[in-house]
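Enquirer: Dropping a structure here in structure tokens format, bear with me for questions.
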Amino acid sequence: MAENTVAETGADAGVHEAGAAPTAHVAVEHAEPALLGVAPPVAVVSTSMLVLILIMIWKGVPKLISGGLDSSIAQIKAHLEEAKTLRAEAEALRKEYADKIANAEKDAAAMLEHAQHEAEAIVAKAEADTTELIARRHKMVEEKISALELATITDLRRKAAAAAALAAGELIKANHSADADKVLVDKAIAGI
């Protein structure tokens with residue numbers, strides 16, 4: 001390094017001695033730094049990176065990284081499969097509930113129709129029962145009227161018979177005497 005500096009100074013002096021005009025400076029070479037005076041920094045960094053990469057390969061870091069990535073991929077695949085399964089189950093449940101809702105609507109319509117038929121049947125039975133009840137009550141009223149007519153006729157006959165017997169007794173009393181009755185009684189006895 002010292003030699004380079006002297007050579008530069010000497011070259012500059014020679015140019016000035018000849019009487020020539022000063023010229024542009026000559027390019028100066030600088031010394032590159034060296035690690036412990038042995039190797040330039042680029043070589044040290046390159047070597048240390050190469051050693052680091054070799055150690056990583058020797059310790060199995062790429063296998064660890066690929067294993068970790070593979071396990072992450074396997075986990076993600078498992079999650080995706082689980083999600084697909086859950087989605088399929090959800091779709092099946094949705095379909096099942098949609099079918100249940102459709103069936104429930106059909107059942108509700110059928111129950112409503114059945115209830116209407118039952119109501120119509122109850123109304124028809126009530127009408128028939130009412131008609132039958134009216135007919136029975138009408139018959140009972142007619143029978144009561146007939147019984148009352150019969151009772152009235154019987155009562156009238158009894159009263160008429162009693163009145164006739166009373167009138168006949170009065171007539172017999174008036175027209176027959178005790179002697180006449182005796183003759184009639186004797187005739188009746190003789191006829192026996």
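FYI, it's all coordinate maths here, none of it is from the lab. Since the structure is predicted, the reported quantities are computational estimates derived from the model, not experimental observations.
Enquirer: Skipping prolines and chain starts, which residues have an amide H placed within reach, meaning under 5 Å, of the one on A39, given they are 5 or more residues away or on another chain?
Expert: Amide H neighbours of A39, under 5 Å, 5+ apart: none.
Enquirer: Can you tell me which lysines have their Cα less than 27 Å from the Cα of K63? Leave out same-chain residues fewer than eight positions away.
Expert: K77
Enquirer: Another question, then. With a ≥ b ≥ c the root eigenvalues of the C-alpha gyration tensor of the range 87-134, is it rounded (a/c under 1.5), prolate (a/b larger than b/c) or oblate?
Expert: It comes out prolate by the Cα gyration axes.
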